[in-house]
1. Among (1) without any contact (Cβ under 8 Å) to a residue 60 or more places away in the chain; (2) open to solvent by less than 50 Å² (accessible area, probe 1.4 Å); (3) of a type in the set (S, T, N, Q), there is one condition N138 misses while meeting the rest; what is its number?
2. With S66, S50, S32 as the choices, which residue is farther than 20 Å from E146 by Cα, open to solvent by 50 Å² or more (accessible area, probe 1.4 Å) and out of contact with any Cys (no Cβ under 9 Å at 6 or more places or on another chain)?
3. Tell me, which helices (runs of 4 or more DSSP H) lie completely within region 6-47 with 1 or more residues that are in contact with a Pro (Cβ under 9 Å, 6 or more places away or on another chain) and farther than 30 Å from F82 by Cβ?
4. Condition test on S95, is it within 17 Å of the chain's Cα centre (by Cα), open to solvent by 30 Å² or more (accessible area, probe 1.4 Å) and either hydroxyl-bearing (S, T, Y) or over 22 Å from Q45 (Cα atoms) (or both)?
5. State all residues of region 119-135 that are open to solvent by 50 Å² or more (accessible area, probe 1.4 Å) and of a type in the set (S, T, Y); if no residue qualifies, say none.
6. Sort through A106, A116, A74 and tell me the only one that's touching a Leu at 6+ places or on another chain (Cβ under 9 Å), in a loop (DSSP other than H, G, I, E, B) and surrounded by fewer than 16 Cβ atoms within 10 Å (Cβ to Cβ).
Amino acid sequence: MQARMTNPAYVLPGAMKGIGTIFQAIGEGGLSQEVAEIVGLRASQINGCSACVHGHVLNMRKAGASEERIAAVAAWREAPFFSDAERAALQLTESVTRLADRSQDAVPDALWDEVADYFDEKELSALILTISLTNMFNRINATIREPAGTTWG
């Protein structure tokens, strides 16, 4: 399988510079890499982005995550491998990623309050930006049919 075109972030160099700046800001938020990878994997699973699913699984393995945790991200509600903070982050990820599926507030107050109990404002900012940036990458990759196994950077 081959992508339809070169990733737009590489075609337009200013985009890559902006993305790099966002990644730098996320890094300053203090969100753990494991939470970032878990939510990135979950958003990518929902959006069907094979390139990002593959990348997040590899990143989680490199970081030492167990195969049980990696395999259970798609069914996190029924899996005992996640902390309460990770569960809140995963629920936020699903709410933000599935905006079109909503019949109420995109992020209900009860969910917001729960997430805010586990993450301070900087971590929460990094979490929101991570989810949002992952969704952007998922949409780009789905549009250009970026195949699993693609590496960037």
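1. The failed condition is (1).
2. Values: S66 fails: open to solvent by 50 Å² or more (accessible area, probe 1.4 Å); S50 fails: farther than 20 Å from E146 by Cα.
Being farther than 20 Å from E146 by Cα, open to solvent by 50 Å² or more (accessible area, probe 1.4 Å) and out of contact with any Cys (no Cβ under 9 Å at 6 or more places or on another chain) holds for just one of S66, S50, S32, which is S32.
3. Correct list: 13-27.
4. Details: within 17 Å of the chain's Cα centre (by Cα): yes; open to solvent by 30 Å² or more (accessible area, probe 1.4 Å): no; either hydroxyl-bearing (S, T, Y) or over 22 Å from Q45 (Cα atoms) (or both): yes.
It is false that S95 is within 17 Å of the chain's Cα centre (by Cα), open to solvent by 30 Å² or more (accessible area, probe 1.4 Å) and either hydroxyl-bearing (S, T, Y) or over 22 Å from Q45 (Cα atoms) (or both).
5. If the condition is that a residue be open to solvent by 50 Å² or more (accessible area, probe 1.4 Å) and of a type in the set (S, T, Y), then S125, S132 are the ones that fit.
6. On the way: A116 fails: in a loop (DSSP other than H, G, I, E, B); A74 fails: in a loop (DSSP other than H, G, I, E, B).
Selected residue: A106, the only one of A106, A116, A74 that is touching a Leu at 6+ places or on another chain (Cβ under 9 Å), in a loop (DSSP other than H, G, I, E, B) and surrounded by fewer than 16 Cβ atoms within 10 Å (Cβ to Cβ).
The values are calculated or read from the model by the stated rules, or taken from the named source; none is laboratory data. Bear in mind that the values here come from a model prediction, so they are computed numbers and not experimental data. Counting neighbours? That spans all protein chains shown, and the Cβs are built from the backbone with ideal geometry, glycine included. Surface accessibility is based on the protein's heavy atoms, side chains included, excluding ligands, DNA and RNA. Shrake-Rupley method; radii C 1.70, N 1.55, O 1.52, S 1.80 Å.
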